[in-house]
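Working notes for the structure below.
The values are calculated or read from the model by the stated rules, or taken from the named source; none is laboratory data. These numbers were taken from a predicted model, which means no experiment stands behind them. As a convention, Cβ positions derive from the backbone with ideal geometry for all residues, glycine included, and neighbour counts pool all protein chains shown. When the accessible area is computed, the model is the full protein with side chains, heavy atoms only, and any ligands, DNA or RNA have been set aside. Shrake-Rupley method; radii C 1.70, N 1.55, O 1.52, S 1.80 Å.
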Amino acid sequence: MEKVDHIGIAVKNLDDSIDYYIHTLGLKLLGVEKVPQQHVTVAFLDAGNIKLELLEPIGNEGAVASFLEKRGEGVHHIAFGVRNIRQRMEELRTSGVRLLQEEPKIGAGGAEVAFMHPKSSFGVLYELCAKRSLGDE
Ligand code: CMX
């Protein structure tokens, strides 16, 4: 893994939480984007060395809606930036890590993403995230 790229935080209301992060905590809003493939609208905030990704569910389907229903608002996942996502997925699979998909999916910003099941990662939902600008080697 290269580094932690962002921390995903599930929220019920994006506008209310953005207001808190910008005006109370003083972070800078980088952008807001709908990611229908993941059933979420996301907002990225600049937190210095990493970003925070606020995740508001679109409708009642999808992982974030289910998370909010069962566990309430809070930290949802940690995303590692990787260069060659397919190679990392294969290495993790070989090491016995349970991945949630065979192939990467498209996430926010057009990045290729894949998730590791929290049950094989000591209770943490980890994401692998390959930005287009990093490219696959
Ligand atoms: N972090 C840690 N543990 C989690 C979790 C999370 N975010 N979400 C679920 N779990 C745990 C649950 O607590 C539960 O544990 P117990 O059995 O001990 O109670 C177990 O995982 C199964 O959870 P569940 O509520 O039954 O939920 P599902 O199995 O339906 O889904 C998961 C869990 C991880 C497979 C699903 O959330 C998933 O596929 N996530 C990947 C995609 C995703 O999260 N997309 C949203 C982000 C998109 C983006 O960043 O753009």
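Give the residue that is nearest to ALA130 (Cα to Cα), with candidates limited to residues of the stretch 74-99 that are within 12 Å of the ligand (Cβ to nearest atom) and assigned to a strand (DSSP E or B). Checking each candidate, the answer is ALA79.
Is at least one residue of the stretch 26-40 under 12 Å from the mean Cα position of the chain (by Cα), part of a strand (DSSP E or B) and among the polar types (S, T, N, Q)? No - not one qualifying residue is present in the stretch 26-40.
Scanning the stretch 36-76 for residues that are in contact with a Ser or Thr (Cβ under 7 Å, 6 or more places away or on another chain) and surrounded by 19 or more Cβ atoms within 10 Å (Cβ to Cβ) returns LEU54, GLU56. Filtering the stretch 1-31 to residues that are open to solvent by 60 Å² or more (accessible area, probe 1.4 Å) and either touching a strand residue (DSSP E or B) at 6+ places or on another chain (Cβ under 8 Å) or of a type in the set (Phe, Trp, Tyr) (or both) leaves MET1, GLU2, LYS3, LYS12, ASN13, TYR20, LYS28, LEU29, LEU30. Candidates in the stretch 85-99 are the residues that are touching a residue at least 40 places away in the same chain (Cβ under 8 Å) and surrounded by 16 or more Cβ atoms within 10 Å (Cβ to Cβ); of these, the one that is nearest to LYS12 (Cα to Cα) is ILE85. Restricting attention to the stretch 18-55 and to residues that are under 19 Å from VAL75 (Cβ atoms) and either touching a residue at least 60 places away in the same chain (Cβ under 8 Å) or of a type in the set (Phe, Trp, Tyr) (or both), the residue that is farthest from the ligand (Cβ to nearest atom) turns out to be TYR20.
Does the stretch 52-70 contain at least one residue that is in contact with a Leu (Cβ under 7 Å, 6 or more places away or on another chain), modelled with pLDDT of 95 or more, under 20 Å from ALA130 (Cα atoms) and not in a helix (DSSP H, G or I)? Full working, then the answer.
We begin by selecting, within the stretch 52-70, every residue in contact with a Leu (Cβ under 7 Å, 6 or more places away or on another chain); these are 52, 54, 56-57, 64.
Filter once more, keeping what is modelled with pLDDT of 95 or more: 52, 54, 56-57, 64.
Filter once more, keeping what is under 20 Å from ALA130 (Cα atoms): 52, 54.
Filter once more, so that each one left must be not in a helix (DSSP H, G or I): 52, 54.
Yes, the stretch 52-70 contains a residue that is in contact with a Leu (Cβ under 7 Å, 6 or more places away or on another chain), modelled with pLDDT of 95 or more, under 20 Å from ALA130 (Cα atoms) and not in a helix (DSSP H, G or I).
Taking the criterion of being open to solvent by less than 30 Å² (accessible area, probe 1.4 Å) and either more than 10 Å from the ligand (Cβ to nearest atom) or among the β-branched types (Val, Ile, Thr) (or both), the residues of the stretch 100-124 that qualify are PRO104, GLY110, VAL113.
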